[in-house]
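Here's the structure we're looking at; comments come further down.
Read-outs throughout are calculated quantities, based only on the coordinates presented, and are distinct from any laboratory measurement. Since this is a predicted model, take the numbers as computed values, not measurements. When we count neighbours, we look across all protein chains shown, and the Cβ atoms used for this are built from the backbone with ideal geometry, even at glycine.
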Amino acid sequence: MTHKLTFTTRDILLQNFFLMEDKALPISYLVELAVTNYALTGKYLSVATVTTEEPENYLTKKAVYFKKDGIASRYLDAQKKQGKAYNAVIKLILEQSLTIGRENRMLSKAEYLAHRQKINAYLLNDGEKPSLGLYDYAHNRNVEEGRPADVDVKRENPVERKSVTTKTMDISSEPKKTSQKPKKSGKADLSFADNFVFGNIE
Amino acid sequence: MKKYEKQILISVDPGYDGTKVTVNGERFDFPKETVKKVGNEYEQLDTLDGIYELEMNGETYLCGPNIKVLVDENSDFHKRLGKSAEQDSNYSYFATKEFAANCMTAISMALIKAADKGICSSKKVKDAYSLDVDSDNLYIVVELPHEAMERMAASVVNELVGTHKLHLKADVVDGNKDYNVSFEIGENKLLVMSQVIAALVGYMTDEEGNEIDALQDLYPTLVIDGGYYTVGDFSISKTQAILNAASKTDFGMLAIHERTAARINDELGTKYQGYDMDHLFEEEEGIVVIPKTVSKSGKNESVDVTTILEEETEKLFAEYLDYLEQKHNYFTKLKQILFAGGTGKIYYELFKKHLKDYPNLKSVQLVTYELDETTVTPREAISAGGYKLLANKVIGR
């Protein structure tokens, strides 16, 4: 199994990748959650993506988020102060399995769905602002599934996701002011509507 | 109102909840209800506020913002309007003289507004204003329910194409005035188009029909146009293929109103019709007054029936969602849903409660945008969309 590490040394929100566990759930939705979660809580720092080549030639992309006040973040800061390279430190953390622990882990599908539900409720002004960090979701999932709360949950059967889209969830009733700029010069091709129009303009 | 070289573009959405009109980007609306004046129902009609009188082909028709009040006060009108509602059920309304009169009132009002902005000229002759319309530059589009297109589009064209000499008494600009409006609608100046398609065209083009990036590549997109009588839906793929387009009468606001009226009648012993509900909830704030002769207390009783409307709306929406889910494979392939129309806005609000069931959806939008420096409401979106199609075909070509 080959591991390839790609570092995101700055937080470009729409370039984060999360673990995929289910082919039916496109990775873009996990990206959306990552972005929303980050925007709402501000508690996580995106530090890297990990690409794993599976024996079947599948590719698994994982985003690594360090909890800002977690062990890995403190270790990273300490190493940086000693002059170590950022990328090297993160690689060291990952290789030494200091991360992907309960404080520095990736979202599972169940966590994603649970969190998304909260975000939707919040966006619809029908719920509290989601403030739980990823750790809390891991904790809750462990409890729900009968494991000790502090046991890290191993990934099972990760699957390939080769590409992502970078749209964020958009639920809006506001007028589209910014979208009214022409995409192209000239008239839109509205020939698709011709089958549903009676008559001709000359 | 936009000033092009000479062109006047008028879009008429003859919805059941009102006729929505866009003229060179500016929008207005008035009630769909139009009744033929057969006698001297109201001898001093001039004094009735908010009632417009259109003389067309030797006959007089009444419409205008206060037409519902007039109809409520007059049992003959009320009866005739009930008959008109029956015609709605098979779209034959679009072949009636009342529809043509309502449409002609809409076009006349649009031209009067255009004259007020200097886009065409008018002069006062005796007691009436006479409009000088350049028919060569007059373009009209009428939007019909999707299901009505096949049967009624040709009929609408037949009704509207030709030379028209109209007399309108109405308060369009600066009070009640008399207008003589003459114009010709050429066969090559008129389009009839599907309402739900118009909703999408409006969303994905700018004021002059240029393409904009509103859909943001979120294909397939499901477009829903919820009107008073019909609710249309289709999906559009990345190749811009229109799939499964249809409009249903089972899920419009009228269906909700009919169920609501039936329940109110059941519970309170009243005799409401579905088409009375609009007035009940708009004008009477959902309060039904039970006369003391039948009330339990022996006094006049006021009963708030808004809860019944809310419950029936939610029930019907649940049925509609079930229909949509089955038709569109539980939305598993969709990236986006757009809601347009007045009923569409209500359904959009209800759909938001179900968002958690469809985490795959990337975007759920109400069709609303800026046009002529004002915000197009979902209710206006059909008329505005038809106008943009005209602009796409006429302006700058």
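When you filter the trypsin sites (Lys or Arg not before Pro) in region B:254-344 for DSSP loop state and at most 15 other Cβ atoms inside 10 Å of their Cβ, you are left with B:Lys271, B:Lys292, B:Lys296, B:Lys299, B:Lys333. Summarising the label geometry, the points placed 7 Å from Cα in the beta-carbon direction at B:Ala154 and B:Tyr358 lie 3.7 nm from one another.
Using the Cβ-Cβ distance between B:Thr374 and A:Asn195 with R0 = 35 Å, the FRET efficiency computed as 1/(1 + (r/R0)^6) comes to roughly 0.65. The alpha carbons of region B:159-253 stretch over 50, 35, 30 Å along the principal axes, in descending order.
The label-point distance for B:Lys238 and B:Glu5, in a model that sets each label 7 Å from Cα toward Cβ, rounds to 3.9 nm.
Of the cross-linked pairs B:Lys117/B:Lys165; B:Lys238/B:Lys352; B:Lys6/B:Lys345; B:Lys238/B:Lys356; B:Lys126/B:Lys393, those separated by over 30 Å at the C-alpha level are B:Lys6/B:Lys345; B:Lys126/B:Lys393. Rounded to the nearest 5, the antiparallel percentage of DSSP beta bridges internal to region B:258-397 is 65%.
Per residue of chain B, the DSSP helices (runs of n ≥ 4 H) give a summed -39500 (n - 2.57) that works out to -10500 deg cm²/dmol at 222 nm. If R0 is 35 Å, the Cβ-Cβ spacing of B:Ser295 and B:Asn329 corresponds to a FRET efficiency of close to 0.10. If you take every DSSP beta bridge fully contained in region B:83-186, what fraction is antiparallel? Give it as a percent rounded to 5. Of the beta bridges lying entirely in region B:83-186, close to 75 percent run antiparallel. Sorted fewest first by neighbouring Cβ atoms within 10 angstrom, B:Ser11, B:Ser182 come out as B:Ser182, B:Ser11. For B:Val376, the residues whose amide H sits under 5 Å from its own are B:Tyr369, B:Glu370, B:Leu371, ignoring neighbours fewer than 5 places away on the same chain, with H placed 1.01 Å from N. Averaged over the residues of B:186-192, the number of partner chain Cβ atoms lying within 10 Å of the residue Cβ comes to 4.
Altogether, the Stokes-Einstein calculation at 20 °C and 1.002 mPa s, with the Kirkwood radius of chain B over Cα pairs as Rh, returns a diffusion coefficient of 97 µm²/s. With both residues required to sit in chain B, DSSP beta bridges show an antiparallel share near 70%. Given a Förster radius of 22 Å and the C-beta distance between B:Lys124 and B:Asn176 as r, what FRET efficiency does 1/(1 + (r/R0)^6) yield to the nearest 0.05? So, using R0 = 22 Å, E works out to roughly 0.90. Shown for B:Arg27, B:Arg151: other C-beta atoms within 10 Å of each C-beta, ranked fewest to most, produce the order B:Arg151, B:Arg27. Taking 0.36 nm per residue of separation and subtracting the current Cα-Cα distance, fully stretching the chain between B:Asn188 and B:Glu55 would add 45.3 nm.
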